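Notes to accompany the following structure.
Taken together, the values in this text are just the output of simple stated rules run on the coordinates, not laboratory data. On a predicted model such as this, the values are computed, not experimentally measured, just so you know. Here the Cβ is made from the backbone with ideal geometry for all residues, glycine too, and neighbour counts use every protein chain on show.
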Amino acid sequence: MERKGRDGRRGGGFFPNKAAGRKFPVKRPDGKEKGWDGVAGWYDKLVGVDGSDYHQNVILPGVMDLLQVKAGEAVADVCCGQGVLVRHLLDAGAAKVLGVDASGKLIGAARQRHGSDGKVDFLKADACAPGEWADGSFDAAACVMAVHDVPDAAGLMKNLSASLKPGGRVVIVMMHPCFRIPQESHWGWDGDQKIQYRRLDKYGKALEIGIKTRPGLGTDEGTVFYHRPLADLISEMGKAGLGVTECTELYSHRRSQVGPFSKAEHRAAEEFPLFLGLRAVRI
Ligand SMILES: C[S@@+](CC[C@H](N)C(=O)[O-])C[C@H]1O[C@@H](n2cnc3c(N)ncnc32)[C@H](O)[C@@H]1O
């Protein structure tokens, strides 16, 4: 018996509701993406100054732990969104932070929050296309919750690599591609064994999945989620000259209220990671 709904209905945060059907029009008639400007207001509100629940408790601590920023370093925050990571980089001692994002509206929100700090700059740019920012001058780079939001993972990896000094490091934290695929991963309940299990309907091929951010509105507001098998991602990193040195899997901090299913839910929360973190160095 399926007791739980699909991934998004539980979580809040990044997939508040994935009732979006596969025919949801996530691209323009010319086949290009609509980008994140149309959802910028929703996303900025969701993340706020301190980050979503998952940002605060799992994602940002995971990023900072892998990145190990040292005083005086220059750090690129690639696909920075509305700038939720910036304060953490500065607090850790970064002397220069450049946030890069394709959404002018999210860059605008980031500038409003951090633009007055002389150590911080923002650039509206496609992180998958060659750009002046990918100039080999950064000690470190981060790409947080965005690898699955860009259409060209190979281009992104090339630019992350090109942004770094030789020996520089990049940290990627993303939805775990083996356990969280919108519309294709679900929780289920096995009443005989009394276990909550994770079910995956697809994994092995790249997928483009339309995400309706606020289905209740009845508009076509949404984004595209690009699922890629883990081997493809790591191979793209290798081709871009990024050697993985550390991998971490991040689990939900959330625990359900005491009830008939809570033991099984706790076990599942400790067994199935939600996010994947990778640290790689430019070889
Ligand atoms: C889920 S948000 C994550 C933002 C931020 N890192 C965070 O953790 O809140 C994904 C971001 O990727 C950005 N993005 C998507 N495609 C992009 C591209 N080709 N170049 C640069 N940014 C892109 C979006 O504009 C959006 O800000």
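Summary table
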{"quantity": "Highest-first arrangement of 222-228, 273-279, 64-70, where packing means the average Cβ count within 10 Å", "calculated": "273-279, 222-228, 64-70"}
{"quantity": "The range 170-267: C-alpha pair distances exceeding 15 Å, %", "calculated": "73 percent"}
{"quantity": "Set LYS105/LYS212; LYS70/LYS205; LYS34/LYS165 screened for pairs whose C-alpha atoms are more than 30 Å apart", "calculated": "LYS70/LYS205; LYS34/LYS165"}
{"quantity": "Residue-span extension gain [SER262 to ASP91] - 0.36 nm each, minus C-alpha spacing", "calculated": "57.8 nm"}
{"quantity": "Residue with peak Gaussian network fluctuation, the chain [Cα springs, cutoff 10 Å], from ARG267, ARG180, ARG214", "calculated": "ARG267"}
{"quantity": "Contact order normalised by residue count of the chain, Cα under 8 Å, 6+ apart, percent", "calculated": "22 percent"}
{"quantity": "Calculated FRET value between SER137 and GLN112, using beta carbons and R₀ = 30 Å, to 0.05", "calculated": "0.70"}
{"quantity": "Over the chain, equivalent-ellipsoid semi-axes from the Cα gyration tensor in Å", "calculated": "31, 21, 19"}
{"quantity": "Extension gain (nm, one decimal) between LYS32 and ASP152, 0.36 nm per residue minus Cα-Cα", "calculated": "42.0 nm"}
{"quantity": "Shape metrics for the range 60-158, restricted to C-alpha atoms - Rg then Dmax, Å", "calculated": "12.4, 34"}
{"quantity": "Sum of -39500 (n - 2.57) over DSSP H runs of 4+, divided by residues of the chain (222 nm, nearest 500)", "calculated": "-7000 deg cm²/dmol"}
{"quantity": "Degrees between helix 230-239 axis and first principal axis of the chain (Cα, 0 to 90, nearest 10)", "calculated": "10 degrees"}
{"quantity": "Per principal axis, descending, Cα span of the range 209-261 in whole Å", "calculated": "44, 37, 13"}
{"quantity": "Angle between the chain longest axis and helix 153-163 axis [Cα atoms, degrees, rounded to 10]", "calculated": "30 degrees"}
